[in-house]
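Contents: one structure, followed by commentary.
Derivation of every value follows stated rules applied to the coordinates shown; laboratory data play no part. Because the structure is predicted, anything quoted here is derived from the model rather than measured. FYI the Cβ positions are ideal-geometry reconstructions off the backbone, even for glycines, and counts take in every protein chain you see.
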Amino acid sequence: MFPWNMLPLNPDMKKMFNSMKPGDLDKYVNDMFGKVFTENIEGMMNPNDWMKTLQPQQRDSQNFNQPLGASVFETHDHVYIRLQLKDESWLKNMKIYHTTNQAIIENIPETGDKQTITLPVLVKKKGASAIHKDGMLEIKIPKSIDLQFSEVDVKDNL
């Protein structure tokens with residue numbers, strides 16, 4: 001068991017943190033950053049900006065350059081494509097295909113139209129399914145686990 005009671009913390013700190021307002025807590029954290037970083041480092045980098053760089057950048061894959069307002073997202077095992085069908089007759093005419101990195105939807109919104117959606121990861125050739133419910137079409141494609149990789153030899157030319 002970790003000896004938490006040996007840490008150099010004031011026993012009243014829990015009460016202090018519980019009674020703080022969000023603005024007070026932000027001020028306290030900024031003061032602690034100011035004590036940790038010297039004036040030279042603080043002049044070069046704002047602690048708030050530094051914390052933002054530590055957080056991973058999340059890409060907004062939904063509705064980003066996707067035809068028909070399709071939203072594309074992935075889970076651990078599948079890639080999902082959701083799109084709102086404005087007309088129920090689209091279901092009768094549409095054809096859905098996919099390659100390892102693209103989904104192709106034909107004949108919507110007009111006959112002869114072709115919509116191409118780039119997928120975020122490689123997908124398997126088989127196992128895709130589509131469900132239509134309440135005007136929403138959801139296409140589910142299993143991800144491909146591609147473990148084929150080759151080592152690249154780096155030569156030093158001096």
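If r is the Cβ-Cβ distance from residue 129 to residue 25 and R0 is 35 Å, what FRET efficiency results, to the nearest 0.05? So, using R0 = 35 Å, E works out to roughly 0.15.
In terms of distances greater than 21 angstrom between alpha carbons, the cross-link table entries 86/114; 114/143; 92/124; 92/140 yield 114/143; 92/124. For a Förster distance of 25 Å, can you work out the FRET efficiency between the beta-carbons of residue 118 and residue 32, rounded to the nearest 0.05? The value I calculate is 0.05.
Beta carbons within 10 angstrom, averaged per residue: use that to sort the peptides 99-112, 70-83, highest first.
Order by mean packing, descending: 70-83, 99-112.
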